[in-house]
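Q: Can you read through this structure? Questions will come right after.
The values are calculated or read from the model by the stated rules, or taken from the named source; none is laboratory data. Values in this document were obtained by computation on a predicted structure and should not be read as measured data. Reconstructed Cβ throughout: ideal geometry from the backbone, glycine too, with neighbour counts over all protein chains shown. Calculation scope for accessible area: heavy atoms of the full protein, side chains included, ligands and nucleic acids excluded. Shrake-Rupley method; radii C 1.70, N 1.55, O 1.52, S 1.80 Å.
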Amino acid sequence: MTDTPLDFGDPEDLERLRNDFRAWLAGHPLPERPADEPLPVFLHRWHRQLHSGGWVGLDVPEQYGGRGLTALHQVTVSDELGARGAPGVPRIGYLAHALLRFGSEEQRRRLLPRMLSGDDVWCQGFSEPGAGSDLAGMSTYAERRPEGHYIVNGQKLWTSYAQYSGLCLLLARTDRAAPAHASISAFVLPLDRPGVTVRPLRAANGDDEFCELFLDDVRLEESERIGAEGDGWPLAMTTVAYERNALDTGHLSKYGLLIERLRRAAHERRKLPDGLLSDIGRCAVDYQVLVAHARRRTAERLAGQSAGPESSVDKLLMTRAEQRLYETALKVFPEELYGEGGEVLGDYFYSRAASVYGGTSQIQRNIIAKRLLGLPVGPRA
Ligand SMILES: Cc1cc2nc3c(=O)[nH]c(=O)nc-3n(C[C@H](O)[C@H](O)[C@H](O)COP(=O)(O)OP(=O)(O)OC[C@H]3O[C@@H](n4cnc5c(N)ncnc54)[C@H](O)[C@@H]3O)c2cc1C
């Protein structure tokens, strides 16, 4: 946690940026999404549109295709989008930060501008059938050959939207003897490489977000490894830490919009049962706590601190806030449930996944207990 005073930047500078962004949005509104257009294709069009105006990668240095501003500028843009109910800046921020920290200079210059512009679409190949929470137990293996390249064999699971992606940030074990956390390395895997099979899985709700990835004797060059051998674990932790922050993901202002809608409904109807009123009150408290935490995390980043195990607190708070909010919203707007089902119902269903993606709630509690509170690890029951 930070010992330095919290720095929230220059409010006038941020206000100017927000006004510039609003003016740009007025001339470049969210495009229409045809009924048959898959969500990732639509989001990719939106990504390119935002990039064309310079609204992606604000906190990435200019030499890598960003604008060289701060995390606060980036979250101001995310906040403005959420406040308008528009999809957030594409969630590549966490991959970009992993590349910034671990990639070579050559990789940063080659990969980051294309990632930010949307010329390359990335997915994240971490989880496996037997290694989700226990990432250290992964079995995908990249065997280093005497000539210097790697041959990779294994399987990944839950790889979101791999079928719409060109590159995958892949984790694989490169040493079978070393302790688990020192034996995982990260690679850029082009998904059209011989030996790669991407198989989409259709979920019960009809979505095809998840994919299986089969890797059979896939050749990867040494230049496709990100960082040193064994850097895969800290790289993965950097990635998930960014994925767990409600400001980075742009969720925060979206929650704020819905709370305001609930507040208005409570005023207008004047007949909501007491229980429901107190639920709305709890949602408002969750939201305020989350705002305070997200601001503190952003201030820590401005002070140069890397994301650490504290991000588990953010993830738990975000999950609690999101799940309670959409549960409450469905009770206040039951027509969402029994009518055609609008955005609230879709968001309610997706909120159930918040306690799983980016690390489950149980795992976040384990991290808090061990790494933040230093509690002793007892024998397994
Ligand atoms: C919407 C969504 C998108 C995703 N996208 C991606 C992606 O793009 N790329 C990717 O690599 N992965 C992705 N995932 C996978 C996600 O990271 C894993 O689902 C998650 O890490 C849990 O792993 P698992 O599913 O294997 O569950 P398991 O690890 O098998 O866990 C099963 C249950 O056991 C509990 N448990 C396990 N170990 C412990 C323990 N030590 N102590 C207490 N409880 C424990 C867990 O909390 C959970 O409740 C996505 C998941 C979702 C839901």
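Q: Over segment 299-381, with every protein chain in place, what whole percent of the accessible area is carbon and sulfur at 1.4 Å, could you tell me?
A: 55
Q: Give me, ordered by chain and number, the residues 5 or more places off Glu212 or on other chains with an amide H under 5 Å from its own placed amide H.
A: Under 5 Å from the amide H of Glu212 lie the amide H atoms of Arg199, Leu201, each far enough along the sequence or on another chain.
Q: Oh, and also: Please give the charge dipole size of segment 227-381, origin at the Cα centre, charges +1 on K and R Cβ atoms and -1 on D and E Cβ atoms. Round to the nearest 20 debye. Each step should come with its number before you reach the end.
A: Values: 22 positive and 19 negative charges, 115 e Å.
Approximately 560 debye in magnitude.
Q: Follow-up. Could you run the Karplus curve 6.51 cos²θ - 1.76 cosθ + 1.60 with θ = phi - 60° over segment 196-207 and give me ³J(HN,Hα) per residue in whole Hz, x for Gly and Pro?
A: Along segment 196-207, the couplings run 9, 10, 10, 10, x, 10, 8, 7, 4, 7, x, 6 Hz.
Q: Where a Cα-Cα gap under 23 Å defines reach, which lysines qualify for Lys271, not counting those fewer than 8 residues away within the same chain?
A: Answer for Lys271, where 23 Å is the Cα cut-off: Lys331, listed by chain and number.
Q: For segment 140-187 and segment 205-226, what is the separation of their C-alpha centers, rounded to whole Å?
A: Measuring centre to centre over Cα atoms gives 9 Å.
Q: When a/c reaches 1.5 or more, the comparison of a/b and b/c decides; with that in mind, is segment 85-235 rounded, prolate or oblate per its Cα gyration tensor?
A: It is oblate, given that a/c is not under 1.5 and a/b is not larger than b/c.
Q: Could I ask something else about it? For the chain, return all DSSP H helices satisfying: extent of Cα atoms along own axis at least 24 Å; mean Kyte-Doolittle hydropathy at least 1.0.
A: none
Q: If you don't mind, there's one more thing I want to ask. Just to confirm the filter: which trypsin sites (Lys or Arg not before Pro) across segment 184-231 are DSSP coil and have at most 14 other Cβ within 10 angstrom of their Cβ?
A: Sites meeting the loop and neighbour criteria: Arg202.
Q: Also: How large, in percent, is the carbon and sulfur part of the accessible surface of segment 210-289 at a probe radius of 1.4 Å?
A: Ligands and nucleic acids excluded, carbon and sulfur reach 52 percent.
Q: Taking the alpha-carbon distance from Lys370 and a cut-off under 17 Å, which lysines remain once sequence neighbours fewer than 8 residues away in the same chain are dropped?
A: Lys315
Q: If you count only protein heavy atoms with a 1.4 Å probe, what accessible area per residue comes out for segment 1-129, rounded to a whole Å²?
A: Working: 6220 Å² over 129 residues.
Per residue, segment 1-129 has an accessible area of 48 Å².
Q: Students often forget the sequence filter, so: which aspartates and glutamates lie under 12 Å Cα-Cα from Lys156 once same-chain residues fewer than 8 apart are removed?
A: Glu128, Glu212, Asp216
Q: So, one more: Relative contact order, percent, of segment 42-175 when contacts are C-alpha pairs under 8 Å separated by at least 6 residues? Walk me through the numbers on the way to the answer.
A: Numbers: 184 pairs, mean separation 27.2, N = 134.
Relative contact order, segment 42-175: 20 percent.
Q: Continuing with the same structure: How big is the dipole moment of the chain about its Cα centre under a simple scheme where the beta carbon of each Lys and Arg is +1, that of each Asp and Glu is -1, and everything else is neutral? Debye, nearest 20, please.
A: That gives the chain a dipole magnitude of about 780 debye.
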